[in-house]
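The values are calculated or read from the model by the stated rules, or taken from the named source; none is laboratory data. Quick caveat, the model's predicted, so the values are computed rather than measured. Glycine also receives a Cβ, built like all others from the backbone with ideal geometry; neighbour counts cover every protein chain displayed. These area figures cover heavy atoms from the full protein model, side chains too; ligands, DNA and RNA do not enter into them. Shrake-Rupley method; radii C 1.70, N 1.55, O 1.52, S 1.80 Å.
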Amino acid sequence: MNSMGVARLRKAALIAGVSAIAVQASAALAQDQQAQRKGSNGLTLQEVIVTAQKRAENAQDVPISISAFTSNMLQAKGITDVASMGNLAPNVTLDAGTPFSGSSAVLSAYIRGIGQNDFAFNLDPGVGIYLDGVYLARSVGANQDLLDIERVEILKGPQGTLFGRNTIGGAISIVTKQPSKDFGGELEVTTGRFSRMDVKGTVNVPIVDGLYSSFSFSTKHNRGYQKQIPFPGFAQGVIADAFPYFGSGHPNHFGGENQYNFRGKVLWEATSDMTVTLSADYLRQDNNGVATTVLKTYGDPANPAAVFGPLYNGCIAGALPAFAISGVCNNILNGTSLGGLIAVSPTLLYTDQFIPPSIDQTYATGNSFSRLRDYGGSMTVDWNIGSATLKSITAYRELHWQSAEDEDGSPLPILQTSFDENQHQFSQELQLTGALLDDRLSYVLGLYYFDEGGNLHDLVTFPAGLLQIDGQNYLSTKNYAGYAHLNYKVTDRLSITLGGRYTHENKHFTGLQSDPNGIFYKLNGYPTPNEASRQALCNSGAAVPSLQGIPAGLFCYPNPANIYQVYPVASAGGFVQNFNNFSPKIGLEYKANADILLYASFSRGYKTGGWTTRLTTPQPAGTSAPTFGPEKASTYEVGMKSELADHRALLNMSGFYTRYNGIQLNFQVGTSPTLQNAGNAEIYGFEIEFQARPTQALTLAANVGYAHASYTSLSPFVTGVTLNSRLPKTPEWKFSFGPQYDIDLSGHGTLLLNADYTHTSSLFNDTENTLLLKRPATDMFNASITYREPEARWSIVLGATNLTNDRYLTTGQNQVAGGLTYGTYNRPREWYLTGRVNF
């Protein structure tokens, strides 16, 4: 047997051995009001009800790897948004922000090595985010505020037979509370480090019998943890942008929040067989930008990968040929750039002198903000039609986002990004659920329609505007899908699951990206570009001695009507791609007894392709827009869910093996982050989760996850990675432990002590495994103490996050051609104090 065969046998043995112990189950410390499973000693764990299979079930009875977190558990841990949940679930990485987005509202989500670390409109998330069953198509705004939630379910592996679009890596389902029949509510106020002041409230208002409503709001405000400091020897603002904007609140700090959120719901019990739920939500952010730290600068011309750092420094030092001094460097030497909007020092070189004295300080003076309006509404109709239930989910959403980030960390305009995105989406889903054949056959049948459109305007400036990327991207998508999920009980203990999803997707795209400075004209001796310059560049190729030998037409700006446009010219209808796919699911479940469920499954996930939009060099005239193809994941999983010791403990585990093909990853090509199909990989590992209630007061929870992700083949045009490279955002090991202890104060209330510790092994934040951006092994420790008065009408929580002050990079970019490597560090140690009143 060859070495590959032996390796596969070892992997199979690992998964089989792991699954023989037990399987992945709910990770929730259940502190909600769900019904308890009754044990003889009264020390039972509380069950958590989930709807992962489109019907209400105990999480222990669902043959899917799922982690479920109730609202009370998240409250006890001080978790208020999706990204903050990343430390709670094994083999899950959730970060607020992606490279050069400049916004913590953007979610980078990975499950078992599959996800998406970008915000661009042309890229679909690898992990589907759902709000009350409505798919959120953009990673912008996906870092949802957890307002008035009932639970959050994290489903691992492909979920195409149960959810809407693009669940190739998994799904995060946020379920908010339904309006109550009784009047009441809750008000919560939190203060903390960095001038934190959060207010959150919910009220249930019954209108008439059968018509109920609820209204929730939250506000978040803190000044941020990174401070802007003046560069030594220069007064603040002397070299700065003329009109810097830092977001509302504290202009000299970064990493802060200033936002409010609202949700309203109305539940109408139309008949005894039909309910209608109307929901609307609105989020408004005006945050200062994320905290960006310069890690390294590249201004040395001896570095072959460095381009604009040496060019800028050469202009300042007068070390370039005469044609460059007159054509390329003119704006810089005259002290202005970008049409005079930026004041530039004619003497200051861009070097490592701008690496700040602390990661929580910066010399940056450029625009840094994130402004977001994200809102939508939905109508959900549940109709009991006898032996089945028909559900209709109709939803419409919009988001409007502007973001800017000064990435160079200096008062010089070296690398600054800004984006303006407008998106709208409409979706309609029909689900038919029920049972046949004396309840032996359970089924979910669904039809799904999704229509999305909008634009993303990029404005990215490299040193002093030497290269400027300015242009609109217009995109639209229509998706049609049908799915089925069938479970048949062969015997009372043995059942089989069969499912499938067929998807048809149609995409349109038009790119208008341009370089208003015409840097390639100027590099080739055309200081005042015109149509003649464009033709000469097309016909003659590069004229600059250092660029000689480049074929004619390579730097030909493709649009005669816009001589600065670098993106290929589309027809009137734009570029078009169509995708079709069928993804199956097969499962086998065996109920060994009332407390042990064994299962095995095979499922396939699918994500459509698209276009690479970030081009900074002109494309040859007549060429089509560069595309990337779809990616697929085929996952085999085995597991067991068990309840032990008279329901006082859960020990659950799963083992999985995934073939991951056509991986869509961002590669840094010169100055351009370019999406390409990297090749194929295999991912295998396991998850174990344990819960126990050894005494009435003490609850324990622990989990461990292991994931080995490695390339098996690479596309021939891919550079910067090898078969030994690791997939981004995928640590090998993750371990969490969370005890909770209730102290009865003998009629004077209760104290709840809560702690959680998470160890995560090292990971890489980018495709190329840049060492400067590597995240080392981390140890995060959070704790809180809650006092609850005897009638539970009010409570006070004192807590702290990141008690060990463990700092690590959550995102970053190795922009060597642009002049630097930069990154964003996680938040430092913080304390908080929360007061909560129920009425």
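Values computed for the structure shown
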{"quantity": "Pairwise label distance in nanometres, ALA319 with THR271, each label 7 Å out on the Cα-Cβ vector", "calculated": "8.2"}
{"quantity": "For a label point 7 Å along the Cα-to-beta-carbon line of LEU447, residues of the range 462-501 with backbone N under 19 Å", "calculated": "478-486, 500-501"}
{"quantity": "Rg/Rh ratio calculated on Cα atoms of the range 634-740 (Kirkwood radius)", "calculated": "1.17"}
{"quantity": "In order through the range 149-166: 3J(HN,Hα) via Karplus (6.51 cos²θ - 1.76 cosθ + 1.60), integer Hz, x for Gly, Pro", "calculated": "8, 8, 6, 10, 10, 10, 9, 9, x, x, 10, x, 8, 10, 10, x, 7, 6"}
{"quantity": "Ordering of 518-528, 90-100, 617-627 by burial proxy (mean other Cβ atoms within 10 Å per residue, highest first)", "calculated": "90-100, 518-528, 617-627"}
{"quantity": "Between 0 and 90°, nearest 10: helix 3-21 axis offset from the chain longest Cα axis", "calculated": "40"}
{"quantity": "Relative contact order computed over the chain (Cα-Cα under 8 Å; 6+ residues apart), in percent", "calculated": "13"}
{"quantity": "Degrees separating the helix 308-317 axis from the principal Cα axis of the chain, which is the longest one", "calculated": "40"}
{"quantity": "Aspartates and glutamates whose Cα lies under 19 Å from that of LYS296, excluding same-chain neighbours fewer than 8 positions away", "calculated": "ASP352, ASP360, GLU405, ASP406, GLU407, ASP408, ASP766, GLU768"}
{"quantity": "The range 247-298: Rg to Rh, with Rh as the Kirkwood radius over Cα pairs", "calculated": "1.41"}
{"quantity": "Translational D in µm²/s for the range 456-534 (Stokes-Einstein at 25 °C, 0.890 mPa s, Kirkwood Rh from C-alpha pairs)", "calculated": "138"}
{"quantity": "Share of carbon and sulfur in the accessible heavy-atom surface of the chain [1.4 Å probe, %]", "calculated": "59"}
{"quantity": "FRET efficiency, 1/(1 + (r/R0)^6) with R0 45 Å, evaluated for ASN724 and ILE385 via beta carbons", "calculated": "0.20"}
{"quantity": "Paired Rg and Dmax values of the chain, which use every Cα atom, in angstrom", "calculated": "27.7, 90"}
{"quantity": "Built amide H within the under 5 Å cut-off of VAL48, gap 5+", "calculated": "ALA59, GLN60"}
{"quantity": "Gain in span if fully extended, ASP300 to ASN530, counting 0.36 nm per residue against the direct Cα distance", "calculated": "79.6 nm"}
{"quantity": "Amide N of the range 476-497 lying under 16 Å from the label point, which is placed 7 angstrom from the Cα of HIS424 along Cα→Cβ", "calculated": "476-478"}
{"quantity": "Whole-number D in µm² s⁻¹ for the range 33-138, Kirkwood Cα-pair radius fed into Stokes-Einstein, 4 °C, 1.567 mPa s", "calculated": "81"}
{"quantity": "Positive-end extreme of charge dipole, the range 94-190 - chosen from TYR130, LEU155, GLY184 (charges on Cβ)", "calculated": "LEU155"}
{"quantity": "Proximal charge balance of ARG371 [Cβ under 10 Å; K/R count +1, D/E count -1]", "calculated": "0"}
{"quantity": "Ranked by how many other beta carbons lie within 10 Å on average, peptides 665-674, 583-592, 407-416 from highest", "calculated": "407-416, 665-674, 583-592"}
{"quantity": "Rounded to the nearest 20 debye, dipole of the chain from Cβ charges on Lys, Arg, Asp, Glu", "calculated": "1160"}
{"quantity": "19 Å tail of the calculated P(r), the range 362-482, as % of Cα pairs", "calculated": "65"}
{"quantity": "Given LYS77/LYS591; LYS220/LYS265; LYS181/LYS220, the pairs whose alpha carbons are separated by over 27 Å", "calculated": "LYS77/LYS591; LYS181/LYS220"}
{"quantity": "Inter-label distance for LEU798 and SER476, nm, one decimal - labels placed 7 Å from Cα along Cα-to-Cβ", "calculated": "5.9"}
{"quantity": "Pairs beyond 28 Å (Cα-Cα), from LYS200/LYS734; LYS54/LYS641; LYS54/LYS632", "calculated": "LYS200/LYS734"}
{"quantity": "Distance in nm between pseudo-label sites at THR491 and VAL205 (7 Å out along the Cβ direction from Cα)", "calculated": "5.8"}
{"quantity": "For the range 423-430, Karplus couplings with θ = phi - 60° (6.51, -1.76, 1.60), whole Hz, Gly/Pro x", "calculated": "9, 9, 8, 10, 9, 9, 10, 10"}
{"quantity": "Ordering of 433-439, 215-221 by packing [mean C-beta count within 10 Å, highest first]", "calculated": "215-221, 433-439"}
{"quantity": "Ellipsoid equivalent to the range 133-178 - semi-axes via the Cα gyration tensor, in Å", "calculated": "19, 13, 9"}
{"quantity": "Model label zone, PHE262; criterion: amide N under 20 Å from point 7 Å along Cα-to-beta-carbon; scope the range 193-211", "calculated": "198-207"}
{"quantity": "Computed FRET value (nearest 0.05) for SER358 with TRP831, which takes r as the C-beta separation and R₀ as 22 Å", "calculated": "0.65"}
{"quantity": "Karplus-derived HN-Hα couplings along the range 279-285 (A = 6.51, B = -1.76, C = 1.60, θ = phi - 60°), whole Hz, x at Gly and Pro", "calculated": "9, 9, 9, 8, 10, 10, 10"}
{"quantity": "Nearest-0.05 FRET efficiency for THR191 and ARG807, computed from C-beta distance (R0 25 Å)", "calculated": "0.60"}
